[in-house]
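These notes are about the structure you will find just below.
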Amino acid sequence: MRLRCALAPLSAAAAIAAVACDVPFAPKWDADMYIPLSTQAIHLADSVPPPPFNVIPGSGSFRISFDPQVQDVTGPIHDVLTNVETDQAKCQSTVNAGLTCHVLALTITKTTPISAQDTLFVSPDLAGLTAASPGRIVFPVPVLATDLTRTDSLFLSTAQIQMLQNAAETEQPLWIQLRGRVTNPSASPVPITAADSIGIKLAATLRIRVSHR
C-alpha cells in the first residue's frame, strides 16, 4: 500500500509537508510522487517552405527538434529528488528488474496525419545531449500517423536516478532536447499550416522515502 499524491507549485516548506502527505493518525508509507517537468511545442511550419509550397510530399520526411532547454531542479523538485528511494529491494517489480518504481513519461501530441520517430535526451550538461555521458537519458518514442496523442514510459536505471539526484544536490539544471524525424506515409501531400505543431510534455513519477511502520 502506498499513498499517492500530486505535486503542486509550493514553497519549499510546504512542499516537504505535501511530500509526506501527512494524514493525522494514519500510517506513513513511501509515496509515489508525480512531478510535471518540461513542456514544449515544435511548430512544423518552421521546417517547410512558405506558402504555396508548405507541404510534406508523399513519402517525404524532414527532421524536427526544439532548441536545448534547461529544467530547473530547485524548490519542490529538489526536495523530491533528494529523497528518492534507491533501495532496489523496495523498487522491485515482477515485470521489470531493477529500479522500476521510477518512471519518466513522455506525451507527444500532433495535429497532422504524419508519423514521427522522436528521441528525448536528458543530460546534466549541454554536451551530453549529443554525446554519451554517465546517466544520460535517451528515450525513443515512435508515433504513428493515426496517433493524435501518444504517451510512452521509460523505467529509469540506477545511473539515471543518480544523475538526477546529483543535479538536485548541486542545484545545477538539467538539459533537455527532443530530436527526430516526421514522415508523410501517404502518397498524397500533407499541407502544413501555422497552427500545426507537435506538442511535447515530460513528467516523472518517483518513489520517495517517507517512513515505514
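The values are calculated or read from the model by the stated rules, or taken from the named source; none is laboratory data. All of these numbers come straight from a predicted model, not from anything done at the bench. Quick reminder, even Gly has a Cβ in these numbers, built from the backbone with ideal geometry, and neighbours come from all protein chains shown.
The set of residues in the range 139-168 being within 15 Å of Ser123 (Cα to Cα) and either part of a helix (DSSP H, G or I) or of a type in the set (Gly, Ala, Ser) (or both) consists of Ser157, Thr158, Ala159, Gln160, Ile161, Gln162, Met163, Leu164, Gln165, Asn166, Ala167, Ala168. Considered as a group, the residues in the range 180-197 that are surrounded by 15 or more Cβ atoms within 10 Å (Cβ to Cβ) and in contact with a helix residue (DSSP H, G or I) (Cβ under 9 Å, 6 or more places away or on another chain) include one that is nearest to Gly75 (Cα to Cα), and that residue is Ser197. For the range 111-128, the set of residues classified as among the hydrophobic types (A, V, I, L, M, F, W, C) and either out of contact with any Lys or Arg (no Cβ under 8 Å at 6 or more places or on another chain) or farther than 19 Å from Gln40 by Cβ (or both) consists of Ile114, Leu120, Leu126, Ala127, listed by residue number.
Each residue in the range 170-202 was checked for being outside any loop (DSSP other than H, G, I, E, B), within 16 Å of Val70 (Cα to Cα) and in contact (Cβ under 8 Å) with a residue 60 or more places away in the chain, and 9 of them qualify.
Just one residue in the set Asp147, Asp152, Asp196 is acidic (Asp, Glu), closer than 28 Å to Glu85 by Cα and touching a strand residue (DSSP E or B) at 6+ places or on another chain (Cβ under 8 Å); that residue is Asp152. Taking the range 99-136 as the range and being over 22 Å from Thr82 (Cα atoms) and part of a loop (DSSP other than H, G, I, E, B) as the test, the residues that pass are Thr111, Thr112, Pro113, Ile114, Leu126, Thr130, Ala131, Ala132. Exactly one residue among Ser11, Ser38, Ser59 is touching a strand residue (DSSP E or B) at 6+ places or on another chain (Cβ under 6 Å) and either at pLDDT 95 or above or not basic (Lys, Arg) (or both), and that residue is Ser38.
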